Amino acid sequence: MIFYAGNILSKHGYTPTFIESLTPKFSEHYSIISVSDKKNQIVRLADMITGFLKNKKKIKLVLIDSYSLRAFWFTYALAVLSRQYKIPYMPILRGGGYPERLQKSKKLCDYIFTNSARNISPSLYLKDQFEKCGYKTDYIPNFINIKNYKFTERTSIKPTLLWVRSFDRTYNPLMAIEIIKLLKIKYPDAKLCMVGPDKDGSMNDVLKLTEKYGLTDSVVFTGKKSKREWAELSEQYDIFINTTDYDNHPVSVIEAMALGLPVVSTDVGGIPFLIEDERDGLLTKPGDAVKFTEKIEILIKDNALAKNISLNARKKAVEFDWERVKEKWFEVINPYLKHS
């Protein structure tokens with residue numbers, strides 16, 4: 001049996017994390033228990049530990065969605081338990097801030113990532129960072145179900161922007177408002193749609209800035225939407241923007257590429273390993289709304305470039321389809337479990 005620990009928080013209004021996508025896929029082939037859906041972090045950690053101890057005699061493999069900030073301690077606790085009961089464990093690296101964590105907490109990281117059965121990275125960026133520190137790491141990318149994403153080729157680009165993420169300061173949602181303000185100087189009909197739940201209170205800051213700039217008629221806030229809902233919504237927009245200050249291998253960006261939306265993104269973390277600038281997206285430095293807006297204007301003016309990016313992005317997104325990615329997972333997991 002697999003014991004999978006991560007944040008299962010969509011029922012509390014948060015964006016579904018990877019564990020909620022991967023668990024049903026694994027359950028088709030393996031016996032699996034996934035935890036935890038507790039909102040409070042301390043209660044969630046306790047639930048993970050309790051779940052582990054209750055099932056320790058049946059567990060053959062532990063998977064841990066491993067984050068770089070406070071939830072880093074979830075990984076440490078489960079690594080300690082797994083070693084105590086001699087059960088192999090595999091951290092799945094989720095945190096865009098892991099390069100800093102590797103330097104800040106070297107002894108703890110040595111304990112976790114040297115003793116793990118495998119370390120799994122969804123991005124080539126984190127694989128590179130971990131291997132530089134001496135931790136052997138396998139690359140298994142995040143996946144999508146490509147058949148669920150209707151491709152719309154973008155050939156004539158309008159100044160209509162789509163932003164999809166949880167409202168969290170890490171993802172710099174305020175910059176999206178700065179961008180639409182700048183874009184409207186040349187394109188008065190420019191529109192922005194922001195999709196996602198509030199995570200840390202930053203949505204209130206975004207709403208205040210929108211009102212301050214007099215942009216309430218130009219910016220739409222939808223709240224949380226399912227993948228199907230925002231995929232349908234995307235047909236009304238021509239450019240996907242990713243304003244984040246930290247990132248790893250964001251599924252929302254892969255989904256946008258699958259839909260044929262040209263992506264303009266900051267070049268932080270794992271993004272340059274996902275997007276090749278001017279081939280399947282456009283990249284710019286973080287925190288610079290002026291440069292970001294200039295990249296958007298390039299797409300609006302250059303229809304040929306926009307079309308090529310749209311087509312190339314879809315081709316790349318196909319590489320992340322579950323039917324391709326699943327074999328990588330089976331190769332890693334099967335030595336520990338009987339694959340049915």
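Things to note:
- Point-to-point label distance, Lys285-Val220, nm (Cα→Cβ direction, 7 Å offset): 3.4 nm
- Largest mean-square fluctuation among Pro188, Pro141, Pro122, in a Gaussian network model of the chain whose springs join Cα atoms under 10 Å apart, belongs to Pro188.
- Here the calculated FRET efficiency for Gln41 and Thr155, from their Cβ-Cβ distance with R0 = 41 Å, stands at 0.30, rounded to the nearest 0.05.
- Among Met194, Met203, sorting on how many other beta-carbon atoms sit within 10 Å of each Cβ, with the fewest leading, yields Met203, Met194.
- Given Lys25/Lys136; Lys181/Lys295; Lys54/Lys326; Lys25/Lys147; Lys199/Lys225, the pairs whose alpha carbons are separated by over 23 Å: Lys25/Lys136; Lys54/Lys326
- DSSP loop trypsin sites (Lys or Arg not before Pro) with at most 14 other Cβ within 10 Å: longest gap in the chain: 151-278
- With θ taken as phi - 60° and the Karplus curve 6.51 cos²θ - 1.76 cosθ + 1.60 applied, the whole-hertz 3J(HN,Hα) list for the stretch 83-89 is 5, 4, 9, 6, 10, x, 10 Hz, x standing for glycine and proline.
- Between the stretch 163-231 and the stretch 16-87, the Cα center-to-center distance that results, in Å: 34 Å
- Whole-angstrom gap from the stretch 102-147 to the stretch 290-306, using each part's C-alpha centre: 35 Å
- Candidates Leu233, Leu45, Leu61: whichever shows maximal mean-square fluctuation once the chain is modelled as a Gaussian network with Cα springs under 10 Å: Leu233
- Sparsely packed GluC sites (Glu not before Pro) within the stretch 226-289, loop by DSSP, other Cβ within 10 Å at most 15: Glu276, Glu278
- Under the criterion of Cα pairs below 8 Å and six or more residues apart, the relative contact order for the chain equals 17 percent.
Just so you know, all these numbers are worked out from the coordinates, no wet-lab data involved. Model, not experiment: these values are computed from the prediction. For neighbour counting, all protein chains shown are included, and Cβ atoms are generated from backbone atoms with ideal geometry for every residue, glycine included.
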